[in-house]
Amino acid sequence: MKETRKEQQHQLFAVSERTKREREVDARWAWTEPAVWTERMVDALEGGIEGGKWYSLVDKVHAERTLSAAWRQVERNGGSEGVDGERIRDFKCGVEKRLAQLSEQLRNGQYEPMPIRRVYIPKLGSHEMRPLGIPTIRDRVVQTALRSTIEPIFERDFCEHSYGFRPGRSTKDALRRVDGLLAEGRRWVVDVDIARYFDSIPHGQLMREIEKKIADGRVLNLIERYLKQDVLEATPSYAADERTGTPQGAVISPLLANIYLHPIDVVMAEEGYEMVRYADDCVVLCRTQDEAERALMRLGELMRTRELTLHPEKTKLVDATLPGGFDFLGYHFELGKRSPRKKSLQKFKDQIRERTRRANGHALRQIISELNAVIRGWFEYFKHSRHGVFKPLDGWIRRRLRSILRARQGRRGIARGKDYLRWRNAYFQRLGLFTMAEVHAQLIRSLHETHRPESRMREIRTYGSEGGGAQLLLPL
């Protein structure tokens, strides 16, 4: 019996999952998309190919099984609609037909990315707004398919000290490396800030880096078209800069940003500098001030060759064992201690304030339930801070809850005096309020109980004896 088009498509979409079960590859490449990276291709990737360039790739991008796998990723990630107003649930209706059309357009060279919808989100710790580009759902699907196809080619050679937006790596991995280097006595830190990095990447140099590994002209053309996508704002749309910048918010942008900084990573590693980089957030940890000054000078030279600029005020050299310290990935490192940086703390407090206005009409249990979601998420990331961070924050949150209860009794102002006797800490505990200081203390006690005394300080370590003193820190 002849199969219908729909039956054929359903079988095709099942190929990715079946291949994933049957494929046997090294654990290093387990994250690669099975719809693209077969065992044979992974073997070629691992062993290297003649000439070092990959030629026939566009057929992998437009294959319906690749687009189907890409759609599943886009659907999981969610997100807002683009300029066409099409939402995830809209695209899902008749998705097989939509993916088949995309495949045909890519195969015939008729696919054109739509403009990016520009929105502005609050910049952490500032009154400024950060621009964010939102591609359409269809463009996100194609970009995801493109990234799935080319990412392993570049990932193969990325440096160990690069952590941002890479498979199997996280902010905590980068923070652990920084913590370990500080523990080794690398107290002199070059705190690096690249001025307007994502907006400054020159297209010409970026494409030359990509062309070192990819020779498929249609894939290169697709990347260039994404770099030059128009941008639509509330005001009339405008054309993206023809020469610089990658669209922030685009699926492919983080990979392109890593590709462009890779040559700097290589030189710094070859010259023996201990750099830790997460996208454009970067620190270099050195044993002496002289080494740190040389590292800063070298970085400046390398950035200029890439047509990038180190921010003259935000890029600085610091001694991590003295007052002042440095920020990295939300944490502040100073005097051998870790704590949330000021901007991270401010953002957390703003989220709490938004949910604890005195005019809040919700039941207290509901307010606490909403607060707990914010508090737990923030604590999970910052639980590696010094213990003294959490108790004052717990008290501040309870005071805001008492102020709500005070207002409901018709009294003005923030909680004070007898309010602390009327609604004791145990009252909020019974209502289920998450208490960070208590949970942090439990985690510390658990480490005491599960580790032998001689190994405990290896796991809960500090660094920099000057002014820091002994302390207990949850290991990153």
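Just the residues that are more than 13 Å from Arg140 (Cα to Cα), β-branched (Val, Ile, Thr) and assigned to a loop (DSSP other than H, G, I, E, B), please, taken from the range 49-98.
Passing the criteria: only Ile49.
Can you name the number of the only condition in (1) in contact with a Phe, Trp or Tyr (Cβ under 6 Å, 6 or more places away or on another chain); (2) on the phi > 0 side of the Ramachandran plot that Ser68 fails?
Only one criterion in (1) in contact with a Phe, Trp or Tyr (Cβ under 6 Å, 6 or more places away or on another chain); (2) on the phi > 0 side of the Ramachandran plot is unmet by Ser68, namely (2).
Going residue by residue through the range 307-324, is there one that turns out to be within 18 Å of His203 (Cβ to Cβ), among the hydroxyl-bearing types (Ser, Thr, Tyr) and open to solvent by 10 Å² or more (accessible area, probe 1.4 Å)?
Yes, the range 307-324 contains at least one residue that is within 18 Å of His203 (Cβ to Cβ), among the hydroxyl-bearing types (Ser, Thr, Tyr) and open to solvent by 10 Å² or more (accessible area, probe 1.4 Å).
From Thr136, Thr149, which residue is in contact with a Lys or Arg (Cβ under 9 Å, 6 or more places away or on another chain) and under 26 Å from Gly48 (Cα atoms)?
Thr149
Do you know which residues across the range 167-204 are open to solvent by less than 10 Å² (accessible area, probe 1.4 Å), within 17 Å of Ile264 (Cβ to Cβ) and touching a Phe, Trp or Tyr at 6+ places or on another chain (Cβ under 8 Å)?
Ala174, Ile201
Just to be sure before I move on: is Thr356 closer than 28 Å to Tyr197 by Cβ and either among the β-branched types (Val, Ile, Thr) or surrounded by 19 or more Cβ atoms within 10 Å (Cβ to Cβ) (or both) in the structure I sent?
no
Residues to consider are Leu132, Leu181; find the one that is more than 22 Å from Asp327 (Cα to Cα) and either out of contact with any Asp or Glu (no Cβ under 7 Å at 6 or more places or on another chain) or in contact (Cβ under 8 Å) with a residue 24 or more places away in the chain (or both).
Matching residue, one of Leu132, Leu181: Leu132.
Could you grab me the full set of residues in the range 404-438 that are within 20 Å of His362 (Cα to Cα), among the aliphatic types (A, V, I, L, M) and either open to solvent by less than 70 Å² (accessible area, probe 1.4 Å) or part of a helix (DSSP H, G or I) (or both)?
Ile404, Leu405, Ala407, Ala415, Leu431, Leu433
Being under 23 Å from Gly217 (Cβ atoms) and open to solvent by less than 60 Å² (accessible area, probe 1.4 Å) is the filter here, so list the residues in the range 39-57 that pass it.
Met41, Ala44, Leu45, Gly48, Ile49, Gly52, Trp54, Leu57
Do any strands (runs of 3 or more DSSP E) lying entirely in the range 281-367 carry at least 3 residues that are more than 25 Å from Ile121 (Cα to Cα) and of a type in the set (A, V, I, L, M, F, W, C), and which ones are they?
Here the list reads 281-286.
Taking interchain pairs and intrachain pairs at least six residues apart, which have beta carbon atoms under 9 angstrom, with the first residue in the range 157-172 and farther than 17 Å from Leu329 by Cβ and modelled with pLDDT of 95 or more and the second open to solvent by less than 40 Å² (accessible area, probe 1.4 Å) and assigned to a loop (DSSP other than H, G, I, E, B)?
Phe158/Arg166; Pro167/Thr32
Collect the residues in the range 368-398 that are assigned to a loop (DSSP other than H, G, I, E, B) and open to solvent by less than 60 Å² (accessible area, probe 1.4 Å), keeping them in residue-number order.
Lys383, His384, Ser385 - these are the residues of the range 368-398 that are assigned to a loop (DSSP other than H, G, I, E, B) and open to solvent by less than 60 Å² (accessible area, probe 1.4 Å).
The values are calculated or read from the model by the stated rules, or taken from the named source; none is laboratory data. Everything numeric here is computed off the predicted structure, so don't read it as measured data. Heads up, the Cβs are rebuilt from the backbone with ideal geometry, glycines too, and the neighbour counts pull from every protein chain shown. Ligands, DNA and RNA are stripped out before the accessible areas are found, and what is left, the full protein with its side chains, is counted by its heavy atoms. Shrake-Rupley method; radii C 1.70, N 1.55, O 1.52, S 1.80 Å.
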